[in-house]
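The values are calculated or read from the model by the stated rules, or taken from the named source; none is laboratory data. This structure is a prediction, so every number in the text was calculated from the model and none was measured. Positions of Cβ are backbone-derived with ideal geometry, glycine not excepted, and every protein chain shown enters the neighbour counts.
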């Protein structure tokens with residue numbers, strides 16, 4: 001008798017577990033579907049004949065499937081050039097920012113020199129100032145230097161941030177000092193210690209900052225919008241926006257262009273999913 | 001002793017050299033511009049003709065500028081999406097925190113809009129919101145005789161952008177909530193279950209208080225980000241119809257780079273800064289308190 005009820009309870013437990021699980025999967029699938037809907041709709045529209053988009057009810061699977069839109073969009077504006085510009089700008093900003101931030105952060109964390117703490121306070125204070133405040137004077141400086149519509153304008157102002165310095169300094173403070181002291185006794189120079197001891201230890205923090213900076217500059221919209229005029233100097237986001245200006249309601253072309261811009265990022269993201277998400281939590285919460 | 005002072009000197013020299021590259025950039029692109037911006041706020045200048053000192057005139061004009069107040073209202077209106085987005089993100093986080101097979105696939109999907117290019121996302125949503133042939137109205141046609149005009153309507157444009165913003169950003173907060181949920185020690189729940197606490201009581205008394213830090217963080221970052229809203233509005237509506245989606249930063253952009261009123265634009269940027277600064281101070285003051293829970 002006792003055995004029986006035990007079995008019965010277990011069975012019921014298993015069943016309610018199963019119901020709970022299927023309910024969760026159903027809910028997740030509905031939500032997942034809603035999240036994917038705009039992407040699927042983008043892909044679907046991009047493969048349609050222009051006339052097909054005005055059909056009611058809307059068709060999810062295009063008939064016929066055409067790739068013409070991609071060719072036409074690609075030839076209408078220099079997307080290849082936008083890609084190259086975006087890569088150049090993002091790579092330069094990322095390497096530059098990580099390197100100069102790491103150097104400065106190490107100095108703030110470990111080296112004693114007069115005025116260090118006051119300087120650091122100055123860095124901290126400017127972190128609160130929104131980019132829109134400095135944007136106008138920086139634009140004027142760039143204009144006076146004749147750098148509008150050049151890589152200098154796109155890259156240089158992005159090279160230095162207080163944020164990266166702050167984040168890396170906090171990380172360097174957590175590295176035990178003994179390691180460096182051992183290197184000092186061995187007669188290593190300060191730069192040698194930084195390069196050979198500290199940087200390798202800081203790899204996870206550097207990678208996180210790099211991902212964050214790269215994504216930020218890859219998606220940056222306002223600054224490239226302000227400092228570029230010619231098609232040849234535009235980055236992807238601004239290039240796509242000006243493509244919209246040319247083909248306001250040619251939905252098949254607009255969606256094909258959006259796919260061209262989105263697809264590489266989505267592919268990279270899916271293959272490095274863990275890396276992205278971990279980095280974002282780290283910089284989000286602890287930075 | 002002698003070697004020690006030499007070491008100190010070396011450290012001082014190294015200290016300055018290490019900072020130099022970053023500091024130069026910091027000086028040219030941050031410190032000097034901040035001061036310059038403050039000076040500009042008291043000038044009337046179109047870059048081409050010599051600048052004129054106008055005292056507090058820019059701020060007085062701004063105070064009386066009906067457009068500015070309307071755009072500020074729009075900006076704050078968009079921020080009403082923050083609590084909605086938080087509730088939704090927390091819901092998603094609880095869902096993807098379940099131990100189920102293939103759950104990472106759903107995490108990946110919910111996070112997808114976050115890493116996607118804002119302009120591409122904005123374009124597809126403009127298409128979805130299209131009043132005549134868009135996906136949304138094609139669907140609504142089954143239920144409503146007259147569908148909202150969405151982005152061409154002064155009434156619906158703001159909620160439409162807000163809704164899109166929730167879809168776009170939910171994955172980011174979801175991830176923060178997820179990290180927080182996973183850091184709550186399991187024994188707390190076990191102890192509560194032994195005491196006979198219901199699922200809701202467990203959420204109310206354990207989960208919710210443990211999330212206070214993330215809640216706070218998400219609100220503050222949301223508000224700071226909300227004050228800086230620009231790109232989506234620029235791409236999707238151009239600030240219209242009739243200025244109903246123009247934000248404060250959009251107004252700064254128009255003044256500075258369309259109408260070349262550098263002084264006036266700077267004064268708006270400074271007022272914006274004061275708002276953001278207020279919220280950052282709040283964060284510092286209460287954030288530390290909320291952090292103690294954690």
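Laid out as a table, the results:
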{"item": "Candidates B:100, B:95, filtered to the one that is outside any helix (DSSP H, G or I) and either out of contact with any strand residue (DSSP E or B) (no Cβ under 6 Å at 6 or more places or on another chain) or within 14 Å of another protein chain (Cβ to nearest Cβ) (or both)", "result": "B:100"}
{"item": "Helices (runs of 4 or more DSSP H) enclosed by region B:189-294 - at least 2 residues per element that are in contact (Cβ under 8 Å) with a residue 40 or more places away in the chain and more than 9 Å from chain A (Cβ to nearest Cβ)", "result": "B:212-227, B:231-236, B:248-253, B:262-293"}
{"item": "Options B:18, B:23; residue that is farther than 30 Å from residue B:154 by Cβ, within 12 Å of chain A (Cβ to nearest Cβ) and within 28 Å of the chain's Cα centre (by Cα)", "result": "B:23"}
{"item": "Pick from region A:184-218, criterion closer than 12 Å to residue A:110 by Cβ and free of Cβ contacts under 8 Å to residues at least 40 places away in the same chain, ranking: nearest to the other protein chains (Cβ to nearest Cβ)", "result": "A:184"}
{"item": "Any hit, region A:59-68, residues being within 12 Å of chain B (Cβ to nearest Cβ) and within 30 Å of residue B:16 (Cβ to Cβ)", "result": "no"}
{"item": "The lone exception for residue A:171 - which of (1) in a helix (DSSP H, G or I); (2) away from chain B (no Cβ under 11 Å); (3) without any contact (Cβ under 8 Å) to a residue 40 or more places away in the chain it fails", "result": "(3)"}
{"item": "Options B:121, B:166, B:105: the member that is in contact (Cβ under 8 Å) with a residue 60 or more places away in the chain, touching a helix residue (DSSP H, G or I) at 6+ places or on another chain (Cβ under 9 Å) and not in a loop (DSSP other than H, G, I, E, B)", "result": "B:166"}
{"item": "Candidates A:35, A:23, A:83 - the one that is assigned to a helix (DSSP H, G or I) and within 22 Å of residue A:220 (Cα to Cα)", "result": "A:83"}
{"item": "Listing of helices (runs of 4 or more DSSP H) fully contained in region A:209-281 that carry 2 or more residues being under 30 Å from residue A:58 (Cα atoms)", "result": "A:236-246, A:251-271"}
{"item": "Top-ranked residue of region B:132-152 - restricted to ones that are buried (at least 17 other Cβ atoms within 10 Å of the Cβ) and not in a helix (DSSP H, G or I), ranked as farthest from the chain's Cα centre (by Cα)", "result": "B:147"}
{"item": "Selection status of residue B:121, modelled with pLDDT under 90 and surrounded by 20 or more Cβ atoms within 10 Å (Cβ to Cβ)", "result": "no"}
{"item": "Any pair with Cβ under 7 angstrom, 6 or more apart, that starts in region B:34-50 at a residue that is at positive phi and ends at one that is part of a loop (DSSP other than H, G, I, E, B)", "result": "B:47/B:260"}
{"item": "Condition check for residue B:22: out of contact with any strand residue (DSSP E or B) (no Cβ under 7 Å at 6 or more places or on another chain), assigned to a helix (DSSP H, G or I) and more than 23 Å from residue B:273 (Cα to Cα)", "result": "yes"}
{"item": "Selection status of residue A:128, within 8 Å of another protein chain (Cβ to nearest Cβ), at negative phi and surrounded by 21 or more Cβ atoms within 10 Å (Cβ to Cβ)", "result": "no"}
{"item": "The one condition in (1) modelled with pLDDT of 90 or more; (2) surrounded by fewer than 21 Cβ atoms within 10 Å (Cβ to Cβ); (3) touching a helix residue (DSSP H, G or I) at 6+ places or on another chain (Cβ under 7 Å) that residue A:234 fails to fulfil", "result": "(2)"}
{"item": "Qualifying positions in region B:45-71 - within 14 Å of another protein chain (Cβ to nearest Cβ) and surrounded by 12 or more Cβ atoms within 10 Å (Cβ to Cβ)", "result": "B:45, B:46, B:47, B:51, B:58, B:71"}
{"item": "Residue in region B:120-129 that is over 19 Å from residue A:259 (Cα atoms) and in the same structural domain as residue B:233 (by TED's automatic domain parsing) present", "result": "no"}
